[in-house]
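Every number in this text was worked out from the coordinates using simple rules, so none of it is lab data. No experiment lies behind these values; they were computed from the predicted model shown. So basically every Cβ, Gly included, is an ideal-geometry build from the backbone, and we count neighbours across all protein chains shown.
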Amino acid sequence: MAKRETLQRRRMMYGLSQERLGEQVGVNARTVRTWEAGTSTPSPEQRPAMAEALHVTMDDLDRLLAGLPITSEPGTLVVGGGDAERLRMRLDASLSGTASLARLELVEQQVLDHLTEYTRIGPAEALASLIPDLDEVHTLAARRHPIPVHRTLSTSVTMLTLLVADAHMKRGLIVDARRWYRTALLSARDGDDPLLTTLVLAQQTMLAYYYETPEQTIGLARRARELAGDTVCDAAALAAAAEARALGKVGDARGVHRALADARRLTDRLADLRAGDDPHAAYRFNHARLALYASGALSNLGDAAHAHAAQDQALQTYAADPRLVIDPALIRLDRAFTETTTGDPAAGADLAVATLTELEPAHRTAVVLTRARDVVTAAEALPGMRSNAGQAVEQLRELTAV
């Protein structure tokens, strides 16, 4: 189904954010985004409240949901009515080239909604809702603005662009992901915010770790850490943890423990500073995320005992929110990798198979499959694999085949 641009314009005409419209209809902002993207449709029970919120008849709502214009579509002037005043206000805004405080607040809320939802949905679903909002925010950012407003909008564009890059990375669309990371970096520099640039570099380490080389991951992580300096921020903590995980792949035990200590110190400081925020929102680095990275670093290093401790800690934390599925899956695959490298390839392959089969297809992403293939590679490197182990590994190989 095609994108419903007339529906989106109608919502914006009345100054409604996707979250606010969702509140009036009884759904969340993500559902409204899928309606506007054309990937789902409101139920008959939801339509009366939706028509009331958008100031349309039920017939006109049907036209909006079909992607068709209506008589009171934005741009059609109703003389003597509220549309004339809204038209004047839109003209004022476009002529002055500035965004109102209320509009900026709506943009910031859009970004916050995406950051909150992103870690709890699959990348394909995330992209369906991200692209329309990024298009909307970019259109606003392209106008002339005072420097503070320009920086705010550049930040919003960067945050959304970075989520698009991450979604492509999770789906294994490497070329597209590289392009989107490059665009995010340009946007961050356009906003003249070194910490935003730090965030982009730190996030890009995931692309390098799963699809490129440990050396590239380490290089990106160190650039991000150097740019962050002594600033305590999520990006700096992520960069330190990412460096540790990559150093585990090249067998640098001292470097792993040094980088993990830095990441732990920063994460402890962040926990002290943060109150009331969603700890699992995108770009947040908390103790569960630290345990995920420690699990990978120590598993790569072959330190099974400490890796298991980190995995137990992380899985216990993630269990509080069953919608968080990709990180726990990666942790279980780290454990499967450790079981395999320490001499029990059958147990490792069985755990990896169970992890993949329990995931819904939307969450069985290229990132997850890449880590599962590490288990296959580790098993094949073992001399004299038992026949039962070979059967389990073969089943895993089939599950991870592209």
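Below is a table of values for the structure above.
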item	result
Cα gyration tensor shape for the chain, rounded if a/c is under 1.5, else prolate or oblate	prolate
Within the chain, helix-based [θ] at 222 nm, where runs of 4 or more DSSP H residues each add -39,500 (n - 2.57), nearest 500	-24000 deg cm²/dmol
The chain: most fluctuating residue of Val200, Val175, Val111 per GNM, C-alpha cutoff 10 Å	Val175
Student exercise, the chain dipole from Lys, Arg, Asp, Glu Cβ charges, in Debye to nearest 20	720 debye
For the range 193-315, projected area of the alpha-carbon convex hull averaged over all directions, nm²	7.1 nm²
Trypsin sites (Lys or Arg not before Pro) within the range 221-313: DSSP coil, no more than 15 neighbouring Cβ in 10 Å	Arg274
Residues Tyr211 and His55, FRET efficiency given R0 of 56 Å [Cβ-Cβ distance, rounded to 0.05]	0.70
Extension reserve of the Thr370-Glu45 stretch, reckoned as 0.36 nm per residue once the Cα distance is removed	112.7 nm
Net lengthening on full extension, Leu186/Asp230 (0.36 nm per residue, minus Cα-Cα)	13.5 nm
Residue among Ile147, Ile326, Ile174 with the largest mean-square fluctuation in a Gaussian network model of the chain, springs linking Cα atoms under 10 Å	Ile147
Rounded, prolate or oblate (a/c below 1.5 giving rounded, otherwise prolate when a/b exceeds b/c) for the range 1-59 by Cα gyration tensor	rounded
Gyration tensor verdict on the range 256-349 (Cα atoms; rounded if a/c is under 1.5, prolate if a/b is larger than b/c, oblate otherwise)	oblate
Relative contact order of the range 99-178, pairs being alpha-carbon contacts under 8 Å that are 6 or more residues apart, as %	35 percent
The range 1-57 and the range 278-353: distance between their alpha carbon centers, rounded to Å	39 Å
Pairs of alpha carbons in the range 205-276 whose separation is greater than 18 Å (percent)	36 percent
